[in-house]
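We did not get these values from a lab; they are worked out from the coordinates using the rules stated. None of the values given here were measured: they were computed from a predicted structure. So basically every Cβ, Gly included, is an ideal-geometry build from the backbone, and we count neighbours across all protein chains shown.
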């Protein structure tokens with residue numbers, strides 16, 4: 001990894017990799033961010049509502065938000 005995903009500056013000492021969820025068209029996708037500093041991680045946009053609300057490193061200890069339930073039933 002050569003450049004920061006946030007500021008496009010060089011990653012010199014320690015790479016910080018975090019995940020966020022973002023809206024692309026009509027889909028919410030996970031994005032792996034390669035950041036050069038804690039300031040660049042803090043500058044990330046807020047993750048999409050209903051998903052993990054902070055940048056995170058992933059793994060089994062991440063608590064996922066409860067699934068959204070449908071508000072109306074399909075009637076045939």
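Data for the structure
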quantity: Residues being in contact with a helix residue (DSSP H, G or I) (Cβ under 6 Å, 6 or more places away or on another chain) and farther than 19 Å from residue 48 by Cβ - total across region 1-23; calculated: 3
quantity: Enumeration of residues in region 20-47 that are surrounded by fewer than 16 Cβ atoms within 10 Å (Cβ to Cβ) and in a loop (DSSP other than H, G, I, E, B); calculated: 25, 26, 43, 45, 46
quantity: Residue that is nearest to residue 56 (Cα to Cα), among those in region 1-18 that are within 16 Å of the chain's Cα centre (by Cα) and surrounded by 17 or more Cβ atoms within 10 Å (Cβ to Cβ); calculated: 18
